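Note sheet for the following structure.
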Amino acid sequence: MKRELTARGLSLSLNSNGWLLDATAAAGLRDAGFVSVGLSLDSHRPEVHDRFRNRPGSFDRVVAAAGHLVRAGVKL
């Protein structure tokens, strides 16, 4: 599928809060042909981001997701 999309000039992208995006998911997105993933980061301060998302730990999860994507070769 990846070759078919590229041959047609199409690219896949995704927006996510990063909560479920681990190393396996990042590699799966890359292998499925996703070129980029946008992650929602609402503040550089963990407590502000977590409060905005109403979910403790959200900041750490989105930062970890960014690392997984970079290591998998997916643009942010």
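Values quoted throughout were computed directly from the atomic coordinates according to the rules given, and no laboratory measurement underlies them. The model shown is predicted, which means the values in this text are computed figures rather than measured ones.
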Rounded to the nearest 500 deg cm²/dmol, what is the calculated helix-only ellipticity per residue at 222 nm for the chain, with -39500 (n - 2.57) per DSSP H run of length n ≥ 4?
-14500 deg cm²/dmol
Enumerate the whole-percent occupancy of each 5 Å bin, from 0 to the last occupied one, for all C-alpha pair distances of the chain.
3, 18, 25, 19, 14, 11, 5, 4, 1
